[in-house]
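Here's the structure we're looking at; comments come further down.
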Amino acid sequence: MTVEISDSRLANHIAEGCGDILKGIRSSGLLRGLALGDAGDVLAQEWISRVLDQHRPEDGFLSEEDTDDLTRLQKKRVWIVDPLDGTKEFSTGRQDWAVHIALVEDGKPVCAAVGLPDLGVTFKSSDVRAVTGPLSRRFVISRNRPPAVSKYIAEQMGYETKGIGSAGAKAMSVLLGDYDGYIHSGGQYEWDQAAPVGVAIAAGLWCSRLDGTEITFNNEDTFVPDLVICRPEIKDEVLAHAAAFAEANGNS
């Protein structure tokens, strides 16, 4: 008989357990590089799938590491996960990789967890609050593909930019107050964004597309072109500069 567990506790436990699995695989020192990343992706995915099959067999499922059979589109409740966000960072010994677990109902995250295992912390939508106080006047952006729009907005606002690996690590750095916003363009997928957005919204941060529209999940096309997560007091200025950039570059 399966012990009943709430959605939020399940999300939190999956994120923490997945982090433990990934750290265990890496700490053995028996795999390196691509082989290490591949093993982490496969083993973490298999464990998550088995946990959800046992505890939430009626829910839909979407993961970077699993085949999308689109039956999720008929489900009200869908788990959207990335067992290892930042495979390159994980494989090369960096700390800026993450575990993403989110439950979405009718397109919106209702509970989410972002684990940063190397830092020993899991951010949970059930118990989270963003840092307030003075602005850092810094934006966090993609380390591997810094988008032109983020640099434009930073220049207009007199901000510095810093590149970090995982989308989850970037989003949580805003929550911690290290940066005032995370600006991304150039494309991601729903599993990159669902858990970070779910935690960020619960913490009181602003989350939207760069044109200000709400981000929804469990779409047939899982590609999401862009994202902004920022402190609410600067969101109007960020979105205004994003609109100006789009107009100047013929994307209006």
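The values are calculated or read from the model by the stated rules, or taken from the named source; none is laboratory data. Since the structure is predicted, the reported quantities are computational estimates derived from the model, not experimental observations. Heads up, the Cβs are rebuilt from the backbone with ideal geometry, glycines too, and the neighbour counts pull from every protein chain shown.
A few comments on the model shown:
- In the set (1) acidic (Asp, Glu); (2) surrounded by fewer than 20 Cβ atoms within 10 Å (Cβ to Cβ); (3) in a helix (DSSP H, G or I), residue 89 fails one condition alone, (2).
- Screening 50, 32 for residues that are free of Cβ contacts under 8 Å to residues at least 60 places away in the same chain and over 23 Å from residue 124 (Cβ atoms) leaves exactly one candidate, 32.
Listed here are the residues, each with its yes/no results for (1) in a helix (DSSP H, G or I); (2) in contact with a Lys or Arg (Cβ under 7 Å, 6 or more places away or on another chain).
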position: 162; (1), (2): no, yes
position: 178; (1), (2): no, no
position: 183; (1), (2): no, no
position: 194; (1), (2): yes, no
position: 228; (1), (2): no, no
position: 234; (1), (2): yes, no
position: 239; (1), (2): yes, no
position: 250; (1), (2): no, no
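- Sole residue being on the phi > 0 side of the Ramachandran plot and not assigned by TED's automatic domain parsing to the domain that holds residue 163, chosen from 115, 133: 133
- Inter-residue pairs, beta-carbon under 6 Å, first surrounded by fewer than 20 Cβ atoms within 10 Å (Cβ to Cβ) and in segment 161-177, second of a type in the set (Phe, Trp, Tyr) and assigned to a strand (DSSP E or B), 6+ apart: 161/139
Listed here are the residues, each with its yes/no results for (1) within 27 Å of residue 250 (Cβ to Cβ); (2) surrounded by fewer than 16 Cβ atoms within 10 Å (Cβ to Cβ); (3) of a type in the set (Ser, Thr, Tyr).
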{"position": "117", "(1), (2), (3)": "no, no, no"}
{"position": "123", "(1), (2), (3)": "no, no, no"}
{"position": "130", "(1), (2), (3)": "no, no, no"}
{"position": "133", "(1), (2), (3)": "no, yes, no"}
{"position": "136", "(1), (2), (3)": "no, no, yes"}
{"position": "147", "(1), (2), (3)": "yes, no, no"}
{"position": "154", "(1), (2), (3)": "yes, no, no"}
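- Of all the residues in segment 69-86, those that are within 16 Å of residue 189 (Cα to Cα) and surrounded by 16 or more Cβ atoms within 10 Å (Cβ to Cβ) number 10.
Yes or no, residue by residue, for (1) farther than 21 Å from residue 197 by Cα; (2) modelled with pLDDT under 95:
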position	(1), (2)
56	yes, no
71	yes, no
75	no, no
82	no, no
111	no, no
127	no, yes
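- Restricting segment 1-60 to residues that are in a helix (DSSP H, G or I) and among the basic types (Lys, Arg) leaves a set whose member that is surrounded by the most Cβ atoms within 10 Å (Cβ to Cβ) is 26.
- When segment 84-105 is filtered for residues that are among the charged types (D, E, K, R) and either under 12 Å from residue 196 (Cα atoms) or modelled with pLDDT of 95 or more (or both), the ones remaining, listed by number, are 85, 105.
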